[in-house]
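The structure appears right after this line, and notes come after that.
Read-outs throughout are calculated quantities, based only on the coordinates presented, and are distinct from any laboratory measurement. In this text, all values refer to a predicted model and were calculated from it rather than measured experimentally. Virtual Cβ from ideal backbone geometry, glycine too; neighbours counted across all protein chains shown.
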Amino acid sequence: MKTQKSRAAASREALFQTAKPAEETAGAPPRSPLAAWLWRIAAFSVLAAAVLFAARQMGDNDTGFHLRAGDYILNGGGWPRTDPFSFGMSDHAYTDTSWGFQVLAAALYRLAGVAGPIALTAVLAVAMFGFALLAARLRAGNAAWGPLLLLASVVAVEIRLEIRPEMLSYALFSAELFLLHRYRQTGRLKWWVLPAIHLLWANCHALYPVGLAAQGAFFLGGWLETRRPDWRLAKIAAGSFAMGVINPYGFKGLFFPIELLTRFSSGNIFAREIAELEANPFKLNLTDRFPFYPMASVWTFRLLVLLMIPAAWTLIRKRQWTHMLLALLYLPLAFRMIRNIPLVVIAILPMLFLASADWMENPPRQLAGWRARLDMAPSILAIALALAIAPLIINDAWYVVDRRGERFGLSENRNKLPVDAARFLRERHGQGRIFNHINHGGYLMWAVPEMPHLIDGRLELAGERFFEEYLTCLSRLDLLEGCMRRHGTRVFVHSTLLIHPLMVKELLASPRWRLDYADHAALVFSFHPDAAAGAPPHAHEPLLRLRQVEKPPRPWPGFDGSPRPRAGLNFWLQAWTEQVRFPNGDYALGLFCMYAGESAAAEALNLRAIVSSGGAFYEVYNNLGALWWRQGRLREAAQAYQAVLQDVPDHKIALQRVQGMGK
């Protein structure tokens, strides 16, 4: 019996040792101690940058409902079957596949406040990239270009480093790939480890089928590489699949991810209306109205995909079919949705390590004499870049340059979340239902639990029909009022920057509506359905206060020859030494006043935004130019649009209007 077991173990070991680390391959020259130390420092520096990216203020629109659901379960409410939080979706069937993550996040919030879930995100980010790095080293050792590839991976993925259950999926996916790569390298894997991972995964997030797909890729890839099927891995995969049924919802929870896939097809209303489901990293559809996106992440991901082309040749030559299958399996996911970029990056990092190690083993003849320097240069560059990026993250310039709402820190993000509006609702109203914009639903669910909301980002709970009805209600004022009456709702909360200009004018002009609160994040209106048709409009207190804003004294940056002290290169020089701030309040409220027809207030707020920011942000000039152009103040409008063209020479509206005024 012992002999048979030994033979089986030897056979299994021979089956899986199909590749050696780059440092162990014949002909690979030894690395110098200095190069090895630089490599370790570079890897640590990159992982530290990942921690900084993850240590951002709590600002994701969905974090609130995750915390509320976790709190509900911890308080003994059990696993919800229908929605206990909203009034609009209270009768909808609820399959909460993220309950495990929610409980963990809520428990950490109880322990450490907002810092708890943020710290969890940072730990999961380190786990994600740490396991990916370990998997890559199994295949290619300390590949010289490894730290740079790892840094590129961190930059490409940072747009998804939020307090969301996907983070746990990314970490578990990376851990599973590491275990599978190690299994392929050594033949060692305890039969229960991957099923245990999937038991945890299936109770934390619906993305667990991507791990099952990885096991399938390793089974098929190993079959192609060794010409022998690995039935042991097949049994482990079957056990991992079976673990999916051990959840509070049974078979419904097991097959729930398949149901989600059908809802996110290209023709689905969710995919058409929700940016993260529609955005493609190779087709962003940016417009003059929404010109910004985290382009550093997008272009870095595109570079990694481009590097896959020469890497594929190395894989084919080395008969590494598993790597090829992983790339072919996950790359289409990112082509469909930008939110899937982390899955692709985690899957392809080992193949990029392997290809770069092969190139270093066989450099071009002209570079052979530079081998020692080439061995250290990527590590030095990775350290320098990580050190250069760190202050940009800490001082928020990394986010502000793309006009993103994310900010570094361990608190709630007032740039993105309606924190102050929620406090106003608790103090002024305290009860009743809220008809809300979908972006604010998750936070209101958490911050104002005593006031049930209509809808939030749980699209799988809302369903297509309810979501379409919600969009219809927001399309016209009379339809909105009908929905408010039908639901018995008297409070309307909308995003300041996303509300339609026509809706603003109609709300402010109607005697049935009163603006109770306004800031850069949210507008709070109260609905008075019994108001007489001919009654005068309400005196809107927030507008009365905004009318009191005074224009800052001249000179104004960018006008009458006055320089813009913080624009262009000066912006980046400032970013390494001090905090960078975008004038969120003045910018958003200035735009709102322009929609409301409050021209004097809009002018004062936009000018105040320009002066406080030193003229750093061209979109404020664009809004001011539009205001003056509509008023016929063409000389001033031309100066504002010239500032826009300094930053964006091909800005269509600015070009058209400047050329038109010149004629």
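Loop-only check: which trypsin sites (Lys or Arg not before Pro) in the range 292-360 are DSSP coil with at most 16 other Cβ within 10 angstrom? Please list the in-between numbers first.
Working: sites: R302, R317, K318, R319, R336, R339; in loops: R319.
Passing both the DSSP loop test and the Cβ count: R319.
When the chymotrypsin sites (Phe, Trp or Tyr not before Pro) in the range 90-147 are filtered for DSSP coil states and for at most 11 other beta-carbon atoms within 10 Å of their beta-carbon, no site remains.
Roughly how many debye, to the nearest 20, is the charge dipole of the range 142-269 about its Cα centre, given +1 on each Lys and Arg Cβ, -1 on each Asp and Glu Cβ, and no other charges?
Numbers: 12 positive and 7 negative charges, 98 e Å.
In total the dipole reaches around 480 debye.
Relative to the current alpha-carbon distance between R40 and I258, full extension at 0.36 nm per residue lengthens the span by 74.3 nm. In units of the compact-protein estimate 2.2 N^0.38 Å, the range 419-546 shows a Cα radius of gyration of 1.01. Loop-located GluC sites (Glu not before Pro) in the range 572-644 (DSSP state other than H, G, I, E, B) with a sparse environment of at most 11 neighbouring Cβ atoms within 10 Å: E578. Among the listed pairs K283/K318; K551/K652; K505/K551; K283/K505, those whose Cα-Cα separation exceeds 30 Å are K283/K318; K283/K505.
Volume of the convex hull of the range 152-258 (Cα atoms only), normalised per residue: 114 Å³.
Considering only alpha-carbon pairs that sit under 8 angstrom and 6 or more positions apart, the relative contact order computed for the chain is 15 percent. Computing FRET efficiency as 1/(1 + (r/R0)^6) for L328 and R110, where r is the C-beta to C-beta distance and R0 is 41 Å, gives about 0.40. Entry note, the range 419-546: relative contact order of 23 percent, from Cα contacts under 8 Å with a spacing of 6+ residues.
At full extension, M661 and A533 could sit 41.8 nm farther apart than now, given 0.36 nm per residue minus the alpha carbon distance. Relative to the compact-globule estimate of 2.2 N^0.38 Å, the Cα radius of gyration of the range 93-151 comes out at 1.60.
Once the Cβ-Cβ distance of F282 and R547 is raised to the sixth power relative to R0 = 41 Å, the FRET efficiency obtained is 0.30. Overall, the range 419-546 carries a charge dipole of about 240 debye about its Cα centre when +1 sits on the Cβ of Lys and Arg and -1 on the Cβ of Asp and Glu, all other atoms neutral. Need the C-alpha centroid separation for the range 192-244 versus the range 410-459, integer Å. Answer, in whole Å: 41. Legend: calculated FRET efficiency, A242 to Q431, from the Cβ-Cβ distance at R0 = 45 Å, rounded to 0.05, equals 0.45. Under a no-solvent Debye model with one identical scatterer per Cα of the chain, what's log10 I(q)/I(0) at q = 0.07, 0.08 Å⁻¹? Per q value, in the given order, log10 I(q)/I(0) is -0.54, -0.69.
From the Cα gyration tensor of the range 569-662, with a ≥ b ≥ c the square roots of its eigenvalues, which class applies: rounded if a/c is under 1.5, or else prolate if a/b is larger than b/c, or else oblate? Walk me through the numbers before you get to the answer.
Details: a/c = 2.60, a/b = 1.28, b/c = 2.04.
Oblate is the answer for the range 569-662, as a/c is 1.5 or above yet b/c matches or exceeds a/b.
Could you tell me the distance between the Cα centroids of the range 628-644 and the range 498-568, to the nearest Å? After rounding, the separation between the Cα centres reads 21 Å. For the chain, C204, C593 stand unpaired, since no other cysteine beta carbon lies under 4.7 Å from theirs. Only helices enter the 222 nm calculation for the chain: every DSSP H run of n ≥ 4 contributes -39,500 (n - 2.57), and dividing by all residues gives -19500 deg cm²/dmol, rounded to 500.
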